[in-house]
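Here is the structure we will look at, set down as structure tokens.
The values are calculated or read from the model by the stated rules, or taken from the named source; none is laboratory data. On a predicted model such as this, the values are computed, not experimentally measured, just so you know. Because the Cβ atoms are built from the backbone with ideal geometry, glycine has one as well, and the counts that use them run over all protein chains shown. Please note that ligands, DNA and RNA were not included when accessible areas were found on the heavy atoms of the full protein model with its side chains. Shrake-Rupley method; radii C 1.70, N 1.55, O 1.52, S 1.80 Å.
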Amino acid sequence: MVAENSEQMTIPRHNPGSYRLFREVVIEAARSPEALATLSAAKEGKPSTESVRDRRRLRRIQRRPKSKSWRRKMSERLRRRFDLIGPFRPWTRKELGMIGTRPDREVARRVSRSLSAVRAKKFALRAARK
């Protein structure tokens with residue numbers, strides 16, 4: 001119980017210590033095999049909530065040329081990510097060879113990468129072949 005006349009102490013939500021704690025505790029717990037399996041099972045076999053029209057519209061937006069300010073902002077964001085987490089793990093030949101031979105979800109599990117990372121790499125490989 002808080003007295004009526006007492007001052008309330010405020011703690012800043014975002015500071016280096018809170019971010020580090022969040023990264024070490026919350027993000028690690030969310031990336032645990034059990035948490036990922038729970039999320040995957042919840043989505044498995046369910047249709048996408050996105051309409052075909054919305055998917056097409058999103059693809060058109062993503063393919064538009066990007067402005068210099070957008071590229072600068074993305075560069076800064078990726079630089080901050082690199083400083084905090086480190087570089088992305090490079091794909092091995094064995095991992096690349098699995099893409100397209102099995103379902104994306106299975107490849108992601110086998111190579112310990114996210115489903116979106118596998119899909120992005122598959123898209124990049126397809127674009128590189130053209």
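General remarks:
- The listed residue being open to solvent by less than 100 Å² (accessible area, probe 1.4 Å), hydrophobic (A, V, I, L, M, F, W, C) and under 14 Å from Ser114 (Cα atoms), out of Ala41, Ala35: Ala35
- For region 44-55, the set of residues classified as surrounded by 10 or more Cβ atoms within 10 Å (Cβ to Cβ) and either small (Gly, Ala, Ser) or assigned to a helix (DSSP H, G or I) (or both) consists of Asp54, Arg55, listed by residue number.
- Filtered residue count, region 101-115, keeping only those that are in a loop (DSSP other than H, G, I, E, B) and either touching a residue at least 60 places away in the same chain (Cβ under 8 Å) or surrounded by 14 or more Cβ atoms within 10 Å (Cβ to Cβ) (or both): 1
- Test result for Ser40, hydroxyl-bearing (Ser, Thr, Tyr) and touching a residue at least 40 places away in the same chain (Cβ under 8 Å): yes
- Condition met for Arg23 (in a loop (DSSP other than H, G, I, E, B) and either on the phi < 0 side of the Ramachandran plot or out of contact with any strand residue (DSSP E or B) (no Cβ under 7 Å at 6 or more places or on another chain) (or both)): no
- Of all residues in region 84-96, those satisfying the criterion of being part of a helix (DSSP H, G or I) and surrounded by 11 or more Cβ atoms within 10 Å (Cβ to Cβ) are Glu95, Leu96.
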